[in-house]
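Enquirer: Take a look at the following structure, please.
Where a number appears in this text, it was derived from the coordinates with a stated rule and is not lab data. What you see is a predicted model; the values in this text were computed from it and never measured. All Cβ positions, even for glycine, are placed from backbone atoms using ideal geometry, and neighbour counts span all protein chains on display.
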Amino acid sequence: MSLTADSFKELIQEKLQASLVQVEDMSGGCGQAFAVIIVSSNFEGKNKLMRHRLVNNALKEEIASIHAFTQKAFTPEEWKTQGGNL
């Protein structure tokens, strides 16, 4: 079963208790390349590498089934500083 942007978004929200998730299918709809923005309080006190490891561990099965995955991980406060709304 291939992932859709919507199904991937739901998985991320569930597994990372994210307050905001944006998923873009970079593969033209075939579900093989995704770029995501994740905002979660789970990232508090973690540097960029620790955040990416947390995401990669939580989504390891899904990531293994796709060709490309890029992520940006923010705390809610960082996201607000970037001008984003929750």
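Enquirer: Report, in degrees rounded to the nearest 10, the 0 to 90 angle that the Cα long axis of helix 48-58 makes with the longest principal axis of the chain.
Expert: 50
Enquirer: Then there's this: Among residues other than Ile38 whose Cβ falls under 14 Å from its Cβ, what is the net charge (Lys/Arg +1, Asp/Glu -1)?
Expert: Values: positive: Lys9, Lys15, Lys46, Lys48, Arg51, Arg53, Lys72; negative: Glu10, Glu14, Glu24, Glu44, Glu62, Glu78.
Result for the local shell: +1.
Enquirer: Here's something else I'd like to know. Quick check: the angle from helix 5-16's long axis to the longest principal axis of the chain, C-alpha only, nearest 10 degrees?
Expert: The two axes meet at around 40 degrees.
Enquirer: Using only the Cα atoms of the stretch 5-79, each taken as one equal point scatterer with no solvent, compute I(q) by the Debye sum, divide by I(0), and report log10 of the ratio at q = 0.13, 0.14, 0.15, 0.18 Å⁻¹.
Expert: -0.33, -0.39, -0.44, -0.64
Enquirer: Within the stretch 44-86, whose backbone N sits under 15 Å from a point 7 Å along Cα→Cβ of Leu20?
Expert: Of the residues in the stretch 44-86, 72-86 have backbone N under 15 Å from the label point off Leu20.
Enquirer: Suppose the chain between Lys46 and Asp6 were pulled fully straight at 0.36 nm per residue; how much longer would it get relative to their current alpha carbon spacing? Don't skip to the answer; put the middle values down first.
Expert: Details: separation 40, 0.36 × 40 = 14.40 nm, distance 2.69 nm.
Full extension from Lys46 to Asp6 adds 11.7 nm.
Enquirer: Hey, got the dipole for the stretch 5-79? About the Cα centre, +1 on K and R Cβ, -1 on D and E Cβ, debye to the nearest 20? Write out the running numbers ahead of the final one.
Expert: Working: 8 positive and 10 negative charges, 71 e Å.
Here the stretch 5-79 has a charge dipole of around 340 debye.
Enquirer: Below 8 Å between Cα atoms, with a sequence gap of 6+, how large is the relative contact order for the chain in percent?
Expert: Numbers: 130 pairs, mean separation 25.1, N = 86.
Relative CO of the chain lands at 29 percent.
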